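Report on the following structure.
The values are calculated or read from the model by the stated rules, or taken from the named source; none is laboratory data. Just so you know, these numbers come straight off a predicted model, no measurement behind them. A quick note on method: Cβ atoms are made from the backbone with ideal geometry, for glycine too, and the neighbour counts reach across all protein chains shown. These area figures cover heavy atoms from the full protein model, side chains too; ligands, DNA and RNA do not enter into them. Shrake-Rupley method; radii C 1.70, N 1.55, O 1.52, S 1.80 Å.
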Amino acid sequence: MERETNPDLAYQTEALRGVSRTFALTIPQLPGPLRDVVGNAYLLCRITDSIEDEPGLTPLQKHRFASRFVDVVEGRADAEDFGRELGALLSPSTTAGERDLVAHTPTVIRITNGFGGAQRRALARCVRIMAAGMSAFQQLDTSGGLRDLRELDRYCYVVAGVVGEMLTELFCEYSEKVGERRDELMALAVSFGQGLQMTNILKDVWEDLGRGACWLPRDVFLREGFDLRELPAGRDDPAFGRGLAELVGIARGHLADALRFVQLVPARETGIRRHCVWALGMALLTLRRIHATPGFRSGREVKISRRSVRAVTTLGALAARWDPALGLLFGALARGLPARRGERRASRLAGGGA
């Protein structure tokens with residue numbers, strides 16, 4: 001697709017800026033053909049996410065709209081009707097960028113329909129799994145948290161892990177050399193997505209709680225002596241802080257898997273590497289702010305600065321081609337973060353630091 005003369009692609013670029021600062025920055029690093037399809041994939045996922053987040057919809061309405069959007073993506077339902085009817089039900093809590101995106105569903109779908117068969121199948125599979133998974137979780141009462149870490153893993157898979165799988169399919173379809181490492185990349189793709197999603201869950205915990213949802217696992221906090229049903233009043237309890245630190249360590253471990261994912265991508269694919277490294281670096285910096293400020297009251301308090309973003313993008317671009325440099329950059333960005341429980345045990349057994 002020629003983005004310079006295609007008004008639909010011009011809208012896609014503008015829409016990305018309106019709904020995600022991070023992905024509006026990382027997606028343009030990809031090679032042209034991947035840039036278009038990954039940008040489109042993100043907007044499809046964002047429409048699905050807007051259905052889940054809309055407080056004005058009942059769980060049944062969310063299920064129906066999510067299922068209908070799958071039909072839209074797979075060509076069985078009309079995009080214009082979908083966008084108009086969903087848009088009419090969105091509440092003021094939905095951002096202007098998301099409202100505009102829903103209204104432009106036909107534009108997004110026209111771009112989707114212009115991709116090759118393998119790309120369309122990868123996008124449709126992602127939306128199908130995400131929509132069904134989100135609908136299932138909407139049936140649960142999550143105001144007091146998820147049951148345990150296993151349930152958190154399932155939630156992260158349907159909202160982010162499946163995106164990691166989709167991106168891997170797209171990367172492999174684009175590059176024969178990347179495709180040679182498909183099995184190894186797929187083994188890490190879900191963990192990469194989960195690391196990014198857990199970072200968002202921790203950053204947005206208070207905003208989600210304000211909407212009546214909590215995606216933290218109860219078992220982690222109960223081990224520390226804290227019941228998530230006591231939130232937000234108990235947010236200053238040291239036991240809550242210990243549980244939060246445990247989750248930061250788990251997220252950091254998933255991001256270590258993300259580093260291995262990047263290092264499996266051939267060094268000559270610098271665009272793919274930059275796209276991944278920048279997202280990874282910004283997630284690590286966000287985790288550092290969360291870990292350093294366990295009493296934060298909103299996501300704004302732990303949001304990384306533009307200066308930090310510039311530092312990550314500059315250093316990430318310089319390190320992208322050299323695996324040792326990427327390892328050093330990861331170590332610097334992750335400094336001070338707790339390790340996953342299993343990693344701590346392995347470190348002690350090896351005689352290393354905790």
Restricting to region 40-65, give me the number of residues that are small (Gly, Ala, Ser) and closer than 18 Å to Ala103 by Cβ. 2
How many residues does region 265-301 hold that are part of a helix (DSSP H, G or I) and either surrounded by fewer than 17 Cβ atoms within 10 Å (Cβ to Cβ) or modelled with pLDDT of 95 or more (or both)? 25
Return the pairs, sorted by first residue and then second, in which the second residue is of a type in the set (D, E, K, R) and not in a helix (DSSP H, G or I), the first residue lies in region 5-23 and is over 16 Å from Ala103 (Cβ atoms), the beta carbons are less than 6 Å apart, and the residues are 6+ apart or on different chains. Leu9/Arg3
Give all pairs with beta carbons closer than 6 Å in which a residue from region 82-94 that is farther than 15 Å from Arg211 by Cα and open to solvent by less than 10 Å² (accessible area, probe 1.4 Å) meets a residue that is in a helix (DSSP H, G or I) and small (Gly, Ala, Ser); count only pairs at least 6 apart in sequence or on separate chains. Gly83/Ala103
Can you find even one residue in region 154-170 that is under 30 Å from Gly234 (Cβ atoms) and either surrounded by fewer than 18 Cβ atoms within 10 Å (Cβ to Cβ) or free of Cβ contacts under 8 Å to residues at least 12 places away in the same chain (or both)? yes
Those residues that are open to solvent by 60 Å² or more (accessible area, probe 1.4 Å) and closer than 15 Å to Ala160 by Cβ, I need them from region 105-131; list them, please. Arg125
Looking for whichever is over 30 Å from Phe171 (Cβ atoms), touching a Lys or Arg at 6+ places or on another chain (Cβ under 8 Å) and in contact (Cβ under 8 Å) with a residue 60 or more places away in the chain here; the options are Pro59, Pro55. Which one fits? Pro55
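To keep it simple, each residue is scored yes or no on (1) within 23 Å of Leu167 (Cα to Cα); (2) assigned to a helix (DSSP H, G or I).
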| position | (1), (2) |
| --- | --- |
| Thr5 | no, no |
| Phe23 | yes, yes |
| Thr26 | yes, yes |
| Leu44 | yes, yes |
| Asp81 | no, yes |
| Leu86 | no, yes |
Between a first residue in region 177-189 that is in contact (Cβ under 8 Å) with a residue 60 or more places away in the chain and a second residue that is open to solvent by 80 Å² or more (accessible area, probe 1.4 Å), which pairs have beta carbons less than 6 Å apart while being 6 or more apart in sequence or on different chains? Leu188/Arg260
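Take Thr314 and tell me if it is open to solvent by 30 Å² or more (accessible area, probe 1.4 Å), touching a residue at least 40 places away in the same chain (Cβ under 8 Å) and of a type in the set (Ser, Thr, Tyr).
Against the criterion (open to solvent by 30 Å² or more (accessible area, probe 1.4 Å), touching a residue at least 40 places away in the same chain (Cβ under 8 Å) and of a type in the set (Ser, Thr, Tyr)), Thr314 does not qualify.
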Close pairs from region 227-242: first closer than 18 Å to Ser298 by Cβ and at pLDDT below 95, partner open to solvent by 90 Å² or more (accessible area, probe 1.4 Å) and among the charged types (D, E, K, R), Cβ under 8 Å, at least 6 apart: Arg235/Arg297
So Gly39 fits all but one of (1) modelled with pLDDT of 95 or more; (2) surrounded by fewer than 21 Cβ atoms within 10 Å (Cβ to Cβ); (3) assigned to a helix (DSSP H, G or I); what number is the exception? (2)
Of residues in region 132-141 being free of Cβ contacts under 8 Å to residues at least 24 places away in the same chain and over 20 Å from the mean Cα position of the chain (by Cα), the one most open to solvent (accessible area, probe 1.4 Å): Asp141
